[in-house]
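Visitor: What follows is a single structure, and I will ask about it in a moment.
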Amino acid sequence: MSNITINQLHMALCEANSILLTVHIRPDGDAIGSMLAFYEALIAQGKTVHMVVDDVIPEKFSFLKYIDYIHDVSYLETNAISVDMLMVLDASTYERIGRVGALCSAPIFNIDHHISNTKFADYLYLKSNFAATGEIITYLCKEWNWPITESMGTALYMAIATDCGFFKFSNTTAHTLEMASYCVAAGARPNVVSETIEAISADRLELTKQVMQTIGFYKHNTVATIELCPAVMAILGDDTDGFVDIIRNVDTVDIAILLKGESPNRTRISLRSKGTDVNAIAQQFGGGGHIRAAGCTIMKNIEEAKSELLEAIG
Ligand code: AMP
Ligand code: MN
Ligand code: MN
């Protein structure tokens, strides 16, 4: 692995004729928005570009241009695709790109912003002080004078906004806002992105009423938990955005924990904090992320996973 500079990244992209783009499994707004915008930018540079993700693409992203161009991983199994570069966006570990890694033999480049990045790529461009990979892509386009179209601006604005809680979280910097400003100048409409991404159905709000019964407080109300049992997870699919925000906004709460019961012996965890290093806590369970937003999976049921986490928090 070697860390590369912006100029080395530029040179490598200039030299590559064909590029396979991918992002982490359970793709979020940052992953999808960054990939769609980078796809459009690379096409404009005359490259042959493929997008492959080893997971389903959430329906809420369907308003974005080129979303239908994203292939399932079977695309690599049924087509003989040979590229000069595998470009991994917003993924911090090799495992998080699923089967794409094994199905592509090209040198791996990684553009990412996770402090927990395991340096798995051959060439890494890491900006851990950036709020989103979308902030990096916007920055690269500006530095290289690559035009940001309206559709790129919309995708990048969504990428940036979703990773910093629409500019509320502590990862929001002047640079984050500056990059978002470029996106809006390019034609992104903040209200449209927000309304589209944050829209929920009446059924979902009904379900939220039930889920709120599971809220618990620990350690003098500095830690709060909220639980999605396997039955609720089956209804929600992977669309669990927003639940952790219900508890993170409580004034006394430092650490907010969302427990997602995938099965009776597998619980996925989302951690958010206002001060504590939750990346360090997630790493104790084989996960990672950022200082104030991280995740991990514990091979236990929700109750047991919760006790282990509370013990790890100390
Ligand atoms: P989430 O709670 O899923 O929104 O994730 C919060 C942050 O932690 C994101 O930046 C994720 O990329 C990261 N993250 C979540 N789960 C894991 C994991 N198992 N391993 C490494 N990073 C993770
Ligand atoms: Mn992401
Ligand atoms: Mn991200």
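Visitor: From the C-alpha gyration tensor of segment 78-137, pull out the three semi-axes of the equivalent ellipsoid (sqrt of 5λ each), sorted largest to smallest, in whole Å.
Guide: Working: eigenvalues 98, 25, 19 Å².
They are 22, 11, 10 Å, listed largest first.
Visitor: Also, quick follow-up: Angle check, please: helix 29-44 long axis (alpha carbons) against the longest principal axis of the chain (alpha carbons), in degrees 0 to 90, nearest 10.
Guide: The answer is roughly 0 degrees.
Visitor: Here is a follow-up. Among Thr149, Thr118, Thr78, which one moves the most in a GNM of the chain with springs linking Cα atoms closer than 10 Å?
Guide: Top of the fluctuation ranking is Thr78.
Visitor: Then there is this: How large are Rg and Dmax for the chain when only the alpha carbon atoms are used, in Å?
Guide: 19.3, 58
Visitor: Among Ser62, Ser273, Ser92, whose mean-square fluctuation peaks in a Gaussian network model of the chain (Cα, cutoff 10 Å)?
Guide: Ranking Ser62, Ser273, Ser92 by mean-square fluctuation puts Ser62 first.
Visitor: On to the next question. Please give the helix 202-211 orientation as an angle from the longest Cα principal axis of the chain, in degrees from 0 to 90, rounded to the nearest 10.
Guide: Approximately 50 degrees, to the nearest ten.
Visitor: Once you've got the Cα coordinates, tell me which of Lys142/Lys274; Lys219/Lys306; Lys65/Lys274; Lys60/Lys119; Lys219/Lys260 are over 25 Å apart. It would help to have the intermediate numbers written out before the result.
Guide: Values: Lys142/Lys274 32 Å; Lys219/Lys306 13 Å; Lys65/Lys274 35 Å; Lys60/Lys119 31 Å; Lys219/Lys260 21 Å.
Check vs 25 Å cut-off fails for Lys142/Lys274; Lys65/Lys274; Lys60/Lys119.
Visitor: Enumerate the aspartates and glutamates that Lys300 could reach by cross-link, defined here as Cα to Cα under 20 Å, with residues fewer than 8 away along the same chain left out.
Guide: Those aspartates and glutamates meeting the cut-off are Glu227, Asp238, Glu262, Glu308, Glu311.
Visitor: Using a Gaussian network for the chain with springs between C-alpha atoms less than 10 Å apart, which of these wobbles most: Glu135, Glu15, Glu206?
Guide: Glu206
Visitor: Okay, moving on. As I understand it, the value is the acute angle between the Cα axis of helix 302-313 and the longest principal axis of the Cα atoms of the chain; what does it come to in degrees, rounded to 10?
Guide: Orientation of helix 302-313: about 80 degrees from the principal axis.
Visitor: Using θ = phi - 60° and the Karplus curve 6.51 cos²θ - 1.76 cosθ + 1.60, what whole-Hz ³J(HN,Hα) does each residue of segment 151-159 get, with Gly and Pro shown as x?
Guide: 5, 5, x, 5, 5, 6, 4, 4, 4
Visitor: Still on this structure, I have one more. Taking a cut-off of 22 Å, what percent of all Cα-Cα pairs in segment 202-313 are separated by more than that?
Guide: 24
Visitor: At 222 nm, what value in deg cm²/dmol follows for the chain if DSSP H runs of at least 4 each add -39500 (n - 2.57) and the sum is divided by all its residues, to the nearest 500? List each step's numbers first, then the result.
Guide: Values: 13 runs with 123 residues, N = 314.
Rounded to the nearest 500, the figure is -11500 deg cm²/dmol.
Taken together, the values in this text are just the output of simple stated rules run on the coordinates, not laboratory data. Remember, predicted model here, so these are calculated numbers, not experimental data.
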